[in-house]
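The values are calculated or read from the model by the stated rules, or taken from the named source; none is laboratory data. Predicted model only: the values in this text are computed from it and were never measured. Note: ideal-geometry Cβ built from the backbone for every residue, glycine included; neighbour counts use all protein chains shown. Side chains included, ligands, DNA and RNA excluded: accessible areas come from the protein's heavy atoms. Shrake-Rupley method; radii C 1.70, N 1.55, O 1.52, S 1.80 Å.
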Amino acid sequence: MHILFLTQIIPYPPDAGPKVKTWHVLRYLIGRGDQVTLISFVRPEEEQHIPALQAQGIEVIPVPMNRSRVKDVGYLLLSLLKGTSFLNERDNLSEFRRAVDVELEEKAIDIIHADQLTMAQFATVKPGLRQPVRVFDAHNAVWTIVARMVENLPRFLQPFAQIEARKVLEFEAKTVRDFEHTLAVSEQDRNALLSALANDSERQAASARITVTPIAVDTTALQPLQRSPNSRRIVTLGTLHYPPNADGIRWFLKEVFPLVLSREPEAHLTIIGKNPPDDFVALAAQDPQHIQVTGYVEDLDPYFEQSAIIVVPVRAGGGMRVRIL
């Protein structure tokens, strides 16, 4: 089969959750003999990674992407004017849409794989052309993330976030309703996607078209480490510019770790993840004896080997908490 794969970020190197998931999906498709054409937004710093995808046998069509806060303000105003989602407007570049149209017009595409929500808007096929099967790969139930963000924003921004949450919910529901199939990464996300639909009949019809496929791990490259059983060190790992991850670790840091210290005064918490929030950094500066915030670390093995416990953010009941390994 010829699969047209649409993604908002080059899925290489697999050094963050969305890229890990997409990288393994692409490798699986190529491994089973499918022909894959990847159309992806590409930031300037990502161009160097395109050959790694091509080496796997993937045809890559890059669409340049340069984001800025000034542009985001413009997209926000446009979304309010049009009554659309800010997230969709920010990604709705005509260059990407033209690239999709060319592929659909010139090639016999069997499946359009929309990787994450904003890519679904590009899976519209012009009348008269071959109509591929459309698959929505929902890395998250995005409407739940935006809805939760409202609680943590300054009051003057909350009305805008509430509008965005409603628009995201509407578009996500439409995508689940209209696409031939949807992939979810957990039962919680599946249930959240179904709850976005308007009524029981829509939910029942969509339920059979949603498959839960957990995020893969490359067990040939990643083997379990032998951790120190007598250690008092705890390590957390999660991309921290992703709000649900930060919320989960923040909960552990503020609600759980003080209880740990009350029982084990020598305990030490290391927080690893890109772009740590300011409050994490401030707490580490206040108590460097017990808390360390590293940001991104290239080699994680020494941290894991010296630790007794590893804490990772996981979905729980539509939100995000942590799992202790």
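Annotations
- Taking all protein chains into account, the per residue accessible area for the range 8-89 stands at 51 Å² (1.4 Å probe).
- Long hydrophobic helices in the chain, taken as whole DSSP H segments with a C-alpha length of 20 Å or more on their own axis and mean Kyte-Doolittle hydropathy at least -1.0: 17-31, 158-178.
- GNM top mover of Glu172, Glu187, Glu45 - the chain, alpha-carbon springs below 10 Å: Glu45
- Ligands, DNA and RNA excluded, the heavy atoms of Glu170 present near 80 Å² of accessible surface to a 1.4 Å solvent probe.
- Placing R0 at 45 angstrom, the Cβ-Cβ distance between Val133 and Ser68 gives a FRET efficiency of 0.80 after rounding to 0.05.
- Close Lys-Lys pairs in the chain, where close means Cα under 30 Å and separation is 8 or more or interchain: 28
- Once the convex hull of all Cα atoms in the chain is built, its volume per residue stands at 160 Å³.
- Accessible area of the chain belonging to carbon and sulfur atoms, whole % at 1.4 Å probe: 55
- For Val73, the accessible surface of its heavy atoms amounts to roughly 80 Å² (probe 1.4 Å, protein chains only, rounded to the nearest 10).
- Of Thr37, Thr220, Thr270, the one that fluctuates the most in a GNM where the chain has Cα springs shorter than 10 Å: Thr220
- Per residue, the average separation of C-alpha pairs within less than 8 Å and at least 6 apart gives the range 146-288 a relative contact order of 18 percent.
- Over the chain, relative contact order from alpha-carbon pairs under 8 Å, at least 6 apart, %: 13
- Cα pair distances exceeding 26 angstrom across the range 146-294, given as percent: 49
- Only protein heavy atoms count here; on that basis, with a 1.4 Å probe, Ile30 has an accessible area of about 40 Å².
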